[in-house]
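The values are calculated or read from the model by the stated rules, or taken from the named source; none is laboratory data. Given the structure is predicted, the values throughout are model-derived calculations rather than measurements. Glycine also receives a Cβ, built like all others from the backbone with ideal geometry; neighbour counts cover every protein chain displayed.
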Amino acid sequence: NAGVTQTPKFQVLKTGQSMTLQCAQDMNHEYMSWYRQDPGMGLRLIHYSVGAGITDQGEVPNGYNVSRSTTEDFPLRLLSAAPSQTSVYFCASRGLTYGYTFGSGTRLTVV
Amino acid sequence: AQSVSQHNHHVILSEAASLELGCNYSYGGTVNLFWYVQYPGQHLQLLLKYFSGDPLVKGIKGFEAEFIKSKFSFNLRKPSVQWSDTAEYFCAVNARGGATNKLIFGTGTLLAVQP
């Protein structure tokens with residue numbers, strides 16, 4: 001089925017470890033973005049991309065890196081995980097009709 | 001920059017009660033508006049969206065929302081809620097045009113429907 005695929009679904013990291021959250025879409029959407037969801041704070045935009053080779057910062061970019069080498073993939077990297085990055089992460093993509101499609105999320109715990 | 005406010009953080013209703021969740025946004029230009037729902041343990045699903053035209057928008061599962069430009073509001077309504085509507089609801093705004101295309105969310109409203 002077409003959509004946004006996120007992996008892994010769950011992850012536990014130790015403080016200081018690095019990892020990459022994967023996001024892939026097969027709808028040929030130009031726009032992709034990463035959000036984190038925390039209780040009482042809604043979804044906050046981390047980074048976004050309007051096309052291959054173009055990325056920009058959102059509301060809460062510190063501690064995260066992104067790249068967009070292809071239209072399909074938009075990985076989110078945590079270079080040195082911190083407990084404050086414990087959250088649920090959602091990837092989303094958007095086509096020309098402004099309809100956003102969300103992935104199923106990655107639940108990350110940093111201990 | 002655009003922002004979204006959802007004033008009701010936690011709403012508790014009995015089945016068959018009517019629902020209205022408030023959403024106000026802050027942005028001087030033209031916007032696209034959305035309501036998303038997140039059922040327990042699931043990801044976000046689109047309930048409805050407003051781009052232009054009729055300000056009364058009907059979505060899935062009997063939900064509707066009204067865009068009132070003069071009040072910068074996009075309130076979500078449902079005449080009669082069901083237990084299965086228990087979920088968290090998010091209002092979101094996207095500034096139309098420009099280079100950013102960012103979708104900004106409110107902090108969410110947790111709805112609990114008691115049978």
- Task: Considering every residue within segment A:59-82, establish whether at least one is within 9 Å of chain B (Cβ to nearest Cβ) and in a strand (DSSP E or B).
- Result: no
- Message: I'd like the full set of residues that are touching a strand residue (DSSP E or B) at 6+ places or on another chain (Cβ under 9 Å), more than 14 Å from A:Ala24 (Cβ to Cβ) and surrounded by fewer than 20 Cβ atoms within 10 Å (Cβ to Cβ), limited to segment A:63-82.
- Response: A:Gly63, A:Tyr64, A:Asn65, A:Arg77, A:Leu79, A:Ala82
- For segment A:29-38, state whether one or more residues are in a strand (DSSP E or B), touching a helix residue (DSSP H, G or I) at 6+ places or on another chain (Cβ under 7 Å) and crowded, with 20+ Cβ neighbours inside 10 Å. no
- Query: If you go through segment A:83-111, how many residues are surrounded by 13 or more Cβ atoms within 10 Å (Cβ to Cβ), more than 10 Å from chain B (Cβ to nearest Cβ) and part of a loop (DSSP other than H, G, I, E, B)?
  - Reply: 2
- Does B:Asn24 qualify as being modelled with pLDDT of 95 or more and either buried (at least 17 other Cβ atoms within 10 Å of the Cβ) or of a type outside the set (S, T, N, Q) (or both)? yes
- Return yes when A:Leu43 is more than 11 Å from chain B (Cβ to nearest Cβ) and surrounded by 18 or more Cβ atoms within 10 Å (Cβ to Cβ) and no when it is not. no
- Message: If I go through segment B:56-107 residue by residue, how many of them are among the β-branched types (Val, Ile, Thr), in contact (Cβ under 8 Å) with a residue 12 or more places away in the chain and buried (at least 20 other Cβ atoms within 10 Å of the Cβ)?
- Response: 3
- Task: Grab the strands (runs of 3 or more DSSP E) fully contained in segment B:7-110, keeping just those with 1 or more residues being within 12 Å of chain A (Cβ to nearest Cβ).
- Result: B:10-14, B:31-38, B:45-50, B:87-95, B:103-105
